[in-house]
Each structure stands twice: as structure tokens, then as C-alpha cells.
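Have a look at the structure below, then the notes.
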Amino acid sequence: QQQVKQSPQSLIVQKGGISIINCAYENTAFDYFPWYQQFPGKGPALLIAIRPDVSEKKEGRFTISFNKSAKQFSLHIMDSQPGDSATYFCAAKGSGSRLTFGEGTQLTVNP
Amino acid sequence: DAGVIQSPRHEVTEMGQEVTLRCKLISGHNSLFWYRQTMMRGLELLIYFNNNVPIDDSGMPEDRFSAKMPNASFSTLKIQPSEPRDSAVYFCASSLRLAAQETQYFGPGTRLLVL
């Protein structure tokens, strides 16, 4: 009920390509869905977030697509750059403070 | 403005020793989270506090782990006695509970190795 499933586990994309990471959840009480980006040796940092009252949110090259009926959401990185190489975590939160994280996706963008 | 501060950044200890990890929250934040990250288990929430009160400690592995908030801006996570399987990166994060989206800000982590 509390899990967030993330795929793929790893992703390799060429520079300029589109990176797509998918997440699915079960708990319909979740109402906030952030994505975190983590570089090696650093803590995760908020990248972009969405609430279920909208189907899409875009910030620069990063877009979250949200499908409430399917209980799925995804991160799209347009024009992927080598500097985007990092681990990405989706997460979900309900009425409390607790974030439930996905397993993480290690993204590598080749030059 | 300083972010979440953790110390030490690296800790190497021997099995059976006591380990204390420290965390300073971002000024004004009122929620504090301790996470553990490993390759096998990913990012796990160990415990979190709101206004210095522990709210959910269901992720604390066992009695060897304890966490405290002696004041509103500081927290410790103690492992006694430590075991090799405790080796991981430990993060604390803080947030402002009243904020609508309640973004969690993570510290740089403490890399713990128990030999």
C-alpha cells in the first residue's frame, strides 16, 4: 500500500536525447509527488514536484507527467546533458510528513 | 543561508563501538528526518520528528539505534553497539511542516563503515 515502484533501475541516453523514468503507486491518499536528483557523494535534492490536480508540470527541460487514474507518474528530461547524469528518485507523500521513495534510477548521459 | 549540516562526513569504526551521527536543521524548520541509504535497500526512512517529538520510528532497525532531538535545531542518531551491516550512508533532512508542499532538504550525509 505504501510502496512506490520505479523503473528502469538504470538508463543510458545519448546527449540530446530524452530520458524517461516511470513510477507507480498504490496508495490513493498520496497527494504530493516530488522527484529528487542525487549526485555521487551528495544528498538528494528536490528537482520538481507535482500535485494530482494537474496532469503535467514543466520546469525548463524537466517535465512531470501524471496519470491519476493509472496511479502513475513519470519524469521526462528533454535534451539530456552529461551534467544530468545522476540518480533520480521519485517519491510520494500523503497527509503526514513521511515521503515514500522509489528505488532510484541511475541515469548516464553519454557525450 | 546554510543548509542541513551533518557531522562527521566519514566515520570508520570497529564492530561493537558506539557511533554518534549529528545533524543541524535549517534555521526555522520544524521537521527532522533520518534516512539510511545502501545499494541493496535504497533510501530508507529510519525516524522522523515534528517539533522535537518523534512521530514515526517504525524504520529504526532495532534497539541498537536511537535518535534524539535535544533542541529544535539539532539531532543525533546513535548506534550502540555498531555492526558491519550498519555500514551505509546516513542522511538527515529537514523541512518546514506548515509549508504546503513541505520540501525536505537533505544534508550531505555521513558515510559510515563498520569493520
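The values are calculated or read from the model by the stated rules, or taken from the named source; none is laboratory data. The model shown is predicted, which means the values in this text are computed figures rather than measured ones. No Cβ is skipped: glycine too gets one built from the backbone with ideal geometry, and neighbour counts run over all protein chains shown.
Would you call A:ILE18 farther than 21 Å from B:GLY42 by Cα, aliphatic (A, V, I, L, M) and touching a residue at least 24 places away in the same chain (Cβ under 8 Å)?
Spelling it out, A:ILE18 is indeed farther than 21 Å from B:GLY42 by Cα, aliphatic (A, V, I, L, M) and touching a residue at least 24 places away in the same chain (Cβ under 8 Å).
Listed here are the residues, each with its yes/no results for (1) at pLDDT 95 or above; (2) over 20 Å from A:GLY94 (Cβ atoms).
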| site | (1), (2) |
| --- | --- |
| B:LEU43 | no, no |
| B:VAL53 | no, no |
| B:ASP63 | no, yes |
| B:SER66 | yes, yes |
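Residues checked against (1) within 16 Å of B:GLN6 (Cβ to Cβ); (2) within 14 Å of chain A (Cβ to nearest Cβ); (3) small (Gly, Ala, Ser); (4) surrounded by fewer than 20 Cβ atoms within 10 Å (Cβ to Cβ):
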| position | (1), (2), (3), (4) |
| --- | --- |
| B:GLY59 | no, yes, yes, yes |
| B:GLU62 | no, no, no, yes |
| B:SER73 | yes, no, yes, yes |
| B:SER82 | no, no, yes, no |
| B:PHE91 | yes, yes, no, no |
| B:GLY109 | yes, yes, yes, no |
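Among the residues making up the stretch A:83-97, those that are within 13 Å of another protein chain (Cβ to nearest Cβ) and crowded, with 18+ Cβ neighbours inside 10 Å are A:THR87, A:TYR88, A:PHE89, A:CYS90, A:ALA91, A:ALA92, A:LYS93, A:SER97. The sole residue among B:LEU77, B:LEU43, B:LEU32, B:LEU21 that is more than 14 Å from every other protein chain (Cβ to nearest Cβ), aliphatic (A, V, I, L, M), surrounded by 13 or more Cβ atoms within 10 Å (Cβ to Cβ) and under 14 Å from the mean Cα position of the chain (by Cα) is B:LEU77. Of the numbered criteria (1) surrounded by 19 or more Cβ atoms within 10 Å (Cβ to Cβ); (2) at the interface with another protein chain (Cβ under 9 Å from one of its Cβ atoms), the one B:VAL114 fails is (2).
Out of all the residues in the stretch A:3-23, which are in contact with a Gly (Cβ under 9 Å, 6 or more places away or on another chain) and not charged (D, E, K, R)?
At the first step, the residues of the stretch A:3-23 found to be in contact with a Gly (Cβ under 9 Å, 6 or more places away or on another chain) are A:3-7, A:9, A:21, A:23.
Answer for the stretch A:3-23, where residues must be in contact with a Gly (Cβ under 9 Å, 6 or more places away or on another chain) and not charged (D, E, K, R): A:GLN3, A:VAL4, A:GLN6, A:SER7, A:GLN9, A:ILE21, A:CYS23.
Within the stretch B:96-107, being out of contact with any Cys (no Cβ under 6 Å at 6 or more places or on another chain) and facing chain A (nearest Cβ under 7 Å) holds for B:ARG97, B:GLN101, B:GLU102, B:THR103, B:GLN104, B:PHE106. On the basis of being farther than 25 Å from B:GLN17 by Cβ and either without any contact (Cβ under 8 Å) to a residue 60 or more places away in the chain or away from chain A (no Cβ under 11 Å) (or both), does B:VAL53 make the cut? Judged against the criteria, B:VAL53 is a match.
With the stretch A:33-82 as the region, which strands (runs of 3 or more DSSP E) entirely inside it contain at least 1 residues that are without any contact (Cβ under 8 Å) to a residue 24 or more places away in the chain and more than 11 Å from chain B (Cβ to nearest Cβ)? If you could, list the steps in order and put the result at the bottom.
Values: elements: A:33-38, A:45-50, A:56-59, A:62-67, A:72-77.
Of the strands (runs of 3 or more DSSP E) lying wholly inside the stretch A:33-82, those with at least 1 residues that are without any contact (Cβ under 8 Å) to a residue 24 or more places away in the chain and more than 11 Å from chain B (Cβ to nearest Cβ) span A:56-59, A:62-67.
Working only within the stretch A:98-111, note down all residues that are within 11 Å of chain B (Cβ to nearest Cβ) and of a type in the set (A, V, I, L, M). Residue satisfying the conditions is A:LEU99 alone.
The set of residues in the stretch A:21-32 that are within 19 Å of A:SER97 (Cα to Cα) and within 14 Å of chain B (Cβ to nearest Cβ) comprises A:PHE30, A:ASP31, A:TYR32.
Tally time: how many residues in the stretch A:38-73 are within 30 Å of B:ARG9 (Cβ to Cβ) and of a type in the set (A, V, I, L, M, F, W, C)?
Step one: filter the stretch A:38-73 for residues within 30 Å of B:ARG9 (Cβ to Cβ), giving A:38-49, A:62.
From the residues that got through so far, the ones that are of a type in the set (A, V, I, L, M, F, W, C) too are A:39, A:45-49, A:62.
So the answer is 7.
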